[in-house]
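Some notes on the structure that comes next.
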Amino acid sequence: MKILVVDDEPDVQALFEQRFRKEIRNGEFQFSFAFSGEEAIGYLESHASEVVMILSDINMPGMSGIELLKSIRKDHPMAPPIIMMITAYGDTDNYDQAMKFGADDFLTKPVNFTELKQKLQERYEG
């Protein structure tokens, strides 16, 4: 499964690659990274058919994760059907907005990688 992770924090890439080392090595998951909403849109324009899932931070400078979600659902109908939003804020406003604009799931930071792996495995196998 090809997963695009969108987060403005540069250490996220190393963290995901470390936490999913075994799954990456086994070919279960392949990760790509975008460090802004704008970069994610550019990536999708040339790789939309490859990406199966998007994990996006909500709070980013420039295009927020909510704006990215709206854009993907509106302008990229062929984009991945599975979009999980990630935020440091577990407040209901962000949750409601994410769900209103078509998010499939919602995670809070710090990411519980055991829970995330479980969710990804369910999607991968299902």
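The values are calculated or read from the model by the stated rules, or taken from the named source; none is laboratory data. None of the values given here were measured: they were computed from a predicted structure. So basically every Cβ, Gly included, is an ideal-geometry build from the backbone, and we count neighbours across all protein chains shown.
For the reader, a short list of remarks on this structure follows.
- Enumeration of residues in the stretch 1-38 that are farther than 20 Å from residue 88 by Cβ, assigned to a helix (DSSP H, G or I) and of a type in the set (D, E, K, R): 17, 21, 22, 23, 25, 38
- Of the residues 48, 103, the single one that is surrounded by fewer than 17 Cβ atoms within 10 Å (Cβ to Cβ) and within 17 Å of residue 3 (Cα to Cα) is 48.
- Cross-chain or 6+ apart pairs with Cβ under 7 Å, the stretch 93-121 first and of a type in the set (Lys, Arg), then assigned to a loop (DSSP other than H, G, I, E, B) and modelled with pLDDT under 90: 109/88
- Taking the listed residues 116, 120, 69, the one that is among the aliphatic types (A, V, I, L, M) and under 16 Å from residue 43 (Cα atoms) is 69, with no other qualifying.
- Selection from the stretch 80-100 of residues that are closer than 15 Å to residue 6 by Cβ and among the hydrophobic types (A, V, I, L, M, F, W, C): 82, 83, 84, 85, 86, 88, 98
- Those residues of the stretch 23-45 which are of a type in the set (D, E, K, R) and modelled with pLDDT under 95, in sequence order: 23, 28, 45
- Those residues of the stretch 41-56 which are outside any loop (DSSP other than H, G, I, E, B) and either closer than 14 Å to residue 82 by Cβ or aliphatic (A, V, I, L, M) (or both), in sequence order: 41, 44, 53, 54, 55, 56
- Any hit, the stretch 80-96, residues being polar (S, T, N, Q), surrounded by 19 or more Cβ atoms within 10 Å (Cβ to Cβ) and closer than 25 Å to residue 122 by Cβ: yes
- Reported count of residues in the stretch 1-39, each being more than 19 Å from residue 58 (Cα to Cα) and either touching a Gly at 6+ places or on another chain (Cβ under 7 Å) or surrounded by 12 or more Cβ atoms within 10 Å (Cβ to Cβ) (or both), is 10.
- Within the set 69, 116, 120, the sole residue that is hydrophobic (A, V, I, L, M, F, W, C), at pLDDT below 90 and in a helix (DSSP H, G or I) turns out to be 120.
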